[in-house]
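Structure, as structure tokens:
The values are calculated or read from the model by the stated rules, or taken from the named source; none is laboratory data. Only a predicted model underlies this, so the values are computations on that prediction, with no experimental measurement involved. We place every Cβ from the backbone using ideal geometry, glycine too, and count neighbours over all the protein chains shown.
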Amino acid sequence: MSLLLVELDLTQDLEATLEIVRSAAANHSSELIEVQVTTDQAHAFIIIEYGNKVELVTELKGTDLEITDVADVRLVGADLSEIKALRPKGNYLVEWDLPEGLTMDAYLARKQEKTPLYAEVPEVSFLRTYVREDMVKCLCFYDGDSEADVKRARDVVSAPIDRLHRIEGADAN
């Protein structure tokens, strides 16, 4: 199975939104893996392990959800079975718009090289990244004491921040 990122603007109650997504996932041999919501409750980042992508996306787009983006993603820096079992919650999400021409192989090599440097910023824990398969952007999740600490961690690994969100996990089950 593969992973799908669904981004949406929250125009209705979060629980009602999640019920729509859960139902669509269940209808198409898919599983809701994680839901992260900006603290202002304006935007949600949803990861779904899907069985039939076309049918799932068609059903989601046929709802009144305000979907802003849908893309295949690859989990990096964590194990999917761990994510499913522990449902770890970070408190910061960094979006990085990847530079044009960067390949997945080059990104993964860079990630492997730079990840040990996070030890220089013990106030922040790198949790996981979802890299879009089309290499448009990645979403990096952190648990940290402050926005400044997350920015410092990104500086240490020489990775820019295009958008930084304080987030709250929502129950994916």
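Of all positions in the stretch 27-44, at least one carries a residue that is exposed (fewer than 15 other Cβ atoms within 10 Å of the Cβ) and closer than 19 Å to S2 by Cα. Against the conditions (1) over 21 Å from E168 (Cβ atoms); (2) among the aliphatic types (A, V, I, L, M); (3) surrounded by 14 or more Cβ atoms within 10 Å (Cβ to Cβ), I83 satisfies every one except (1). Filter the stretch 155-172 for residues that are hydrophobic (A, V, I, L, M, F, W, C) and at pLDDT below 95 and give the result. A170, A172, listed by residue number. Annotation for the stretch 87-96: no member residue is more than 16 Å from the chain's Cα centre (by Cα) and modelled with pLDDT under 95. V21 passes every criterion in (1) farther than 19 Å from L139 by Cβ; (2) surrounded by 20 or more Cβ atoms within 10 Å (Cβ to Cβ) apart from (1).
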